[in-house]
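Below: one structure, written as structure tokens.
The values are calculated or read from the model by the stated rules, or taken from the named source; none is laboratory data. Here the structure is a predicted model, which is why all the values come from computation and not from measurement. Note that we place each Cβ from the backbone using ideal geometry, even for glycine, and neighbour counts take in every protein chain shown. Only protein heavy atoms, including side chains, enter the accessible area calculation; ligands, DNA and RNA are left aside. Shrake-Rupley method; radii C 1.70, N 1.55, O 1.52, S 1.80 Å.
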Amino acid sequence: MKAAVLEKPKAFYDKFERKGKTQQETTHYCPGCGHGNLHKIITEALSEFGVDDRSIIVSPVGCSVFAYYYFDTGNIQAAHGRAPAVATGLKRSNPESIVISYQGDGDLAAIGGDEILQAANRGENMTVIFVNNAIYGMTGGQMAPTTLVGQKTTTSPYGRKIENEGYPIRMSEIIATLEAPVYVERTALVDFKTINHTKRAIRKAIKNQIDKKGFSFVEVLAPCPTGWKITPVDSQKWIQQHMMPYFPVQAFKDVSDQRESMEIEQRDYSDQEVLDVLGLSQLGEKKQVPASFIENFPTQFMKIAGFGGQGVLSAGVVMAACAMNENLEVTWIPSYGPEMRGGTANCSVILSNSRIGSPLTTNPNVLIVMNGPSLDAFEDDVQPNGLIIVNTSIVDRRVKRDDVDVLYIPLTEIASGLGLTAAANMVCLGAYLEYTKLIDYKSLFEIVPLAIKKKHLVDTNLKAIKEGVKYIRENYSR
Ligand SMILES: Cc1ncc(C[n+]2csc(CCOP(=O)(O)OP(=O)(O)O)c2C)c(N)n1
Ligand code: SF4
């Protein structure tokens, strides 16, 4: 007779080490909680398929926030409700990874209601495990979108009422109406039969991903004895008596066998293709630049900020295009208020000699402020020894920091002197490049004629660049 071997699946850590605590044998979950069972089922499936080394679990905000203490896989923590968006990014950038978005009902059906619909509708090749315990467990038992009619929670103390809170949302049914998902099933954690059913469903959802079939979704009706304020045994009965009649346990969609494997084309676009898309094809052949220029280029984390209409966004585009033309890696990302003119606007620009992870500049080492509110908003964020360029025509105060380099330039006045106030942004770029000498300011002359749509203004913008250079030579020569 074969001896049964009971052991932890390989995809679990041997010891559950928690920050600030000693090693633990157990998880942090309450006795009778469904999360523990589900973790075991997932790890078993990953280990059985032999994919634990290339799997990534996206932990949500909720009681399973600490899932990364248990899964010996890749782990990442997403903001509340954002797990499907994070999982999308992970999967698309690592197509061979097995990505599991693990989410509670507050996370998936409330704050993340749109993320899950969009990911499902795009048919992302991922596996979503939706833990429906009809309550917000982590925060003390508030009503969730899946809380049953009549169910008492801390925020529905007299029981959920249809006229007040509406009906519980059936997420599986909604997702199954979409064209893209390949497999949608609801299971439960009540007894051996339902636990085995859950295991089969989770295996299938993971297998579909391994086979590149697309989006699979398993909703699991799971006990939360603490939130429901009943015993673990009664919780199992409660699922059977109250949850299963409203949330039927069944497959809602399964086209796994009919669906062909699909893969998103992954390829690096050539420089020429990128230039074509940006409308900068006229730059022609890739420029030859010395290897030492690229090697020694210090990453510029730029924030350019001002009123809408001051050309802060286009200054960023021109700077990024100029650096790209010098074979640097660049990103540009705008941020603006709702007003077309007069509102606030800023952009993050990163220029680097290596691939850029995130396009956001939260701590710039170059801050360009075209107006006072921008200086107030971003001065404290600048890195020590960073550079701040202040448009003194509009900003009426000095920089308070004494650990940064500051250029005070009347950008708007200089541009007005040329008859084009809007060219203050170009005065600034000329000054920036002349002061830092990171790129020859003449490189801007190759970009500006392509970037400026109103061709009759090109000459004035080129003059503005030269005025910026002149101002630095006369006032800040080093
Ligand atoms: C943006 C944001 N809003 C609200 C919260 C508070 N919060 C933490 S967990 C949670 C709900 C958790 O419920 P659920 O997703 O059902 O998971 P469970 O705890 O039941 O496993 C909420 C609202 C938060 N952390 N972040
Ligand atoms: S509160 Fe509920 S969901 Fe959270 S750990 Fe306890 S039993 Fe599990």
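At a Förster distance of 25 Å, what's the computed FRET efficiency of residue 111 paired with residue 229, Cβ-Cβ distance as r, to 0.05? After rounding, the FRET efficiency stands at 0.55.
Only one residue of 432, 299, 74 has its Cα farthest out toward the positive end of the dipole of the chain, where Lys and Arg carry +1 and Asp and Glu -1 on Cβ, and that residue is 74.
Note on residue 167 and residue 5: the extension gain reaches 53.8 nm, defined as 0.36 nm multiplied by sequence separation minus the Cα-Cα distance. A crude spin-label estimate for the pair residue 121 and residue 408, with each label 7 Å from Cα along the Cβ direction, gives 5.3 nm. Principal-axis analysis of the Cα atoms of the chain puts helix 424-436 at an angle of about 90° to the longest axis. A simple spin-label model places the labels of residue 376 and residue 16 4.9 nm from each other, with each point 7 Å out along Cα-to-Cβ. Helix 34-49 and the longest principal axis of the C-alpha atoms of the chain enclose an angle of approximately 80°.
For the pair residue 212 and residue 191, a Förster radius of 30 Å applied to the C-beta separation gives a FRET efficiency near 0.30, rounded to the nearest 0.05. Taking every protein chain into account, the 1.4 Å probe leaves residue 393 with about 40 Å² of accessible area, to the nearest ten.
Straight-line reach from residue 442: taking Cα to Cα under 23 Å and skipping same-chain neighbours fewer than 8 places apart, the lysines in range are 286, 287, 303, 453, 454, 455, 463, 466, 470. Relative to the longest principal axis of the Cα atoms of the chain, the long axis of helix 458-475 makes an angle of roughly 80 degrees.
What the chain shows is 48 Å² of accessible area per residue, with the surface traced by a 1.4 Å probe over protein heavy atoms. When GluC sites (Glu not before Pro) are flagged only if DSSP places them in a loop and at most 11 other Cβ atoms lie within 10 Å, the longest unflagged stretch of the chain comes out as 286-478.
Between residue 77 and residue 440, the contour length at 0.36 nm per residue exceeds the Cα-Cα span by 126.4 nm. With r as the distance between the Cβ atoms of residue 96 and residue 26 and R0 = 35 Å, compute the FRET efficiency 1/(1 + (r/R0)^6) and round to 0.05. Calculated transfer efficiency: 0.60.
Here the chain exposes an accessible surface that is 53 percent carbon and sulfur, computed with a 1.4 Å probe and the other protein chains kept in place. Under the combined filter of DSSP loop state and at most 14 neighbouring Cβ atoms within 10 Å, the range 113-194 retains these trypsin sites (Lys or Arg not before Pro): 161. Full extension of the chain between residue 174 and residue 237 yields a length gain of 20.1 nm, computed as 0.36 nm times the residue separation minus the alpha carbon distance. Computed with a 1.4 Å probe on the full set of protein chains, the accessible area for residue 28 sits at about 60 Å². With loop membership from DSSP and a limit of 10 other Cβ atoms within 10 Å, the longest segment of the chain without chymotrypsin sites (Phe, Trp or Tyr not before Pro) is 270-478. Once you order the gyration tensor axes a ≥ b ≥ c over the Cα atoms, which shape class does the chain get: rounded for a/c under 1.5, otherwise prolate or oblate by comparing a/b with b/c? In terms of gyration-tensor shape, prolate. Heavy-atom accessible area, probed at 1.4 angstrom with all protein chains present, ranks 10, 213 as 10, 213, highest first.
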